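First up is the structure itself, then whatever we jot down about it.
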Amino acid sequence: MAEQLPATVFLVGAGPGDPELLTLRAARLIAQADVVVHDGLVSAEILAMASPEAELISVAKQRSRHSMPQEGINALLVQLALAGRSVVRLKGGDPFVFGRGGEEMEACRKAGVPVEIVPGISAAIGCAAQAQLPLTHRDAASAVTFVAGQCKGLTDQDWSGLAGHGRTLVIYMGVATATDIADKLIADGVSPAIPVAVMENGTRANMRTLRTLLADLGDMVVREQVKSPALIVVGDVAAYALAQDVLAGFAAQMNNGAEMHS
């Protein structure tokens with residue numbers, strides 16, 4: 001018989017989508033929980049690992065439309081645990097990397113509810129691995145920065161020094177603001193010709209990796225109809241990514257090089 005879990009809230013990282021990238025502890029907790037409160041980005045294959053008796057509650061969030069506000073999610077987790085149920089709060093990626101896990105942890109602590117954090121492979125790490133894009137590389141980058149690209153007041157944020165040669169910038173949730181992101185980085189002094197990779201549906205069967213240059217980022221996102229979930233990587237390391245399509249900037253570079261040598 002499976003171990004009975006205590007009335008605890010487990011903040012569990014589901015990774016970027018592929019069930020085989022779950023930790024062993026995450027898989028066990030999902031299978032044993034009384035309730036699984038999950039994000040919309042958690043794959044159906046991972047949700048299928050829950051017990052048939054478990055209650056599955058979706059608190060999916062989409063841009064500008066949340067099925068439940070964060071305060072409601074916090075209260076729900078506390079309510080379920082205080083009712084004596086073991087709760088897995090299942091989050092895409094890692095709970096503490098743009099997952100608002102810190103807020104949910106605080107809510108549980110304040111209510112006296114036991115809480116445990118189970119890390120997951122973050123979207124950046126998982127997507128980069130599948131795309132064979134090294135976030136650091138001895139010859140290309142010795143620093144990595146993660147930022148959220150959907151924040152209000154994007155132009156007011158200080159991103160100086162976050163991108164450029166020798167540095168890698170990973171942007172979560174930046175598809176809708178891709179043009180503004182490119183404009184901001186270029187205005188802050190980043191070369192328009194620096195390589196960029198966009199990874200859509202990372203680690204899943206329908207993953208796409210697209211490459212271009214920073215100046216073409218916004219146009220490429222529109223032209224290729226890139227949808228969330230997707231990550232943007234800015235930096236020399238983006239040139240290493242295995243891409244389905246080598247787009248505008250790279251094609252132009254290759255053509256220019258051919259003309260120079262003809």
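Laboratory data are not the source of any read-out in this text; all were calculated from the coordinates shown. All values derive from a computational prediction rather than experimental measurement. A quick note on method: Cβ atoms are made from the backbone with ideal geometry, for glycine too, and the neighbour counts reach across all protein chains shown.
Assorted remarks:
- Estimated distance in nm for a label pair at Ala129 and Ser142, the labels positioned 7 Å out from Cα along Cα-to-Cβ: 2.6
- Assuming charge only on the beta carbon of Lys and Arg (+1) and of Asp and Glu (-1), the dipole of the chain about its Cα centre is about 300 debye to the nearest 20.
- Inter-label distance, nm, simple model (7 Å from Cα along the C-beta direction), Glu55/Met68: 0.9
- Counting only aspartates and glutamates at least 8 places from Lys91 when in the same chain, those with an alpha carbon closer than 17 Å to its own are Asp18, Glu20, Asp34, Asp39, Glu45, Glu55, Glu71, Glu103, Glu104, Glu106, Glu116.
- J(HN,Hα) series, segment 124-130, from Karplus relation 6.51 cos²θ - 1.76 cosθ + 1.60, nearest Hz, glycine and proline x: 4, 5, x, 5, 4, 5, 5
- C-alpha long axis of helix 70-82 to longest principal axis of the chain, angle in °: 30
- For segment 8-20, 3J(HN,Hα) computed residue by residue from phi via the Karplus equation (6.51, -1.76, 1.60; θ = phi - 60°) reads 9, 9, 9, 8, 10, x, 8, x, x, x, 6, x, 6 Hz, glycine and proline entered as x.
- Just so you know, the Rg over Rh for segment 1-45 is 0.94, from Cα atoms, with Rh as the Kirkwood radius.
- Dipole orientation for segment 32-154: of the candidates Pro114, Val147, Gly84, Val147 has the Cα lying most toward the positive pole (charges on Cβ; Lys, Arg +1; Asp, Glu -1).
- Highest average packing first - 112-123, 71-82, 191-202, Cβ atoms within 10 Å: 191-202, 112-123, 71-82
- When only alpha carbons are used to place a centre, segment 98-116 and segment 198-226 end up 34 Å from one another.
- Counting neighbouring Cβ atoms within 10 Å and putting the fewest first, the residues Met207, Met68 line up as Met68, Met207.
- For segment 117-219, applying the loop criterion from DSSP together with a ceiling of 11 other beta carbons within 10 Å to the trypsin sites (Lys or Arg not before Pro) yields Arg138, Lys152.
- Going from the residue with the fewest nearby Cβ atoms within 10 Å to the one with the most, Lys91, Lys110 rank Lys110, Lys91.
- C-alpha long axis of helix 178-187 to longest principal axis of the chain, angle in °: 50
- Across segment 101-108, coupling constants 3J(HN,Hα) worked out from phi with the 6.51/-1.76/1.60 Karplus curve, θ = phi - 60°, read x, x, 5, 5, 4, 4, 4, 5 Hz, and Gly and Pro carry x.
- Modelled spin-label separation between Ala27 and Leu82, with each label point placed 7 Å from Cα along the Cα-to-Cβ direction: 3.6 nm.
- Net charge dipole size for segment 9-121 [Lys, Arg +1 and Asp, Glu -1 on Cβ; Debye, nearest 20]: 260
- Rounded if a/c under 1.5, otherwise prolate or oblate - segment 124-255, Cα gyration tensor axes: rounded
- Relative to the longest principal axis of the Cα atoms of the chain, the long axis of helix 248-261 makes an angle of roughly 30 degrees.
- Cα gyration tensor, segment 9-121 - rounded (a/c under 1.5), prolate or oblate: rounded
- Signed unit charges on C-beta, dipole axis of segment 124-255, positive-most listed residue Val221, Leu185, Thr209: Thr209
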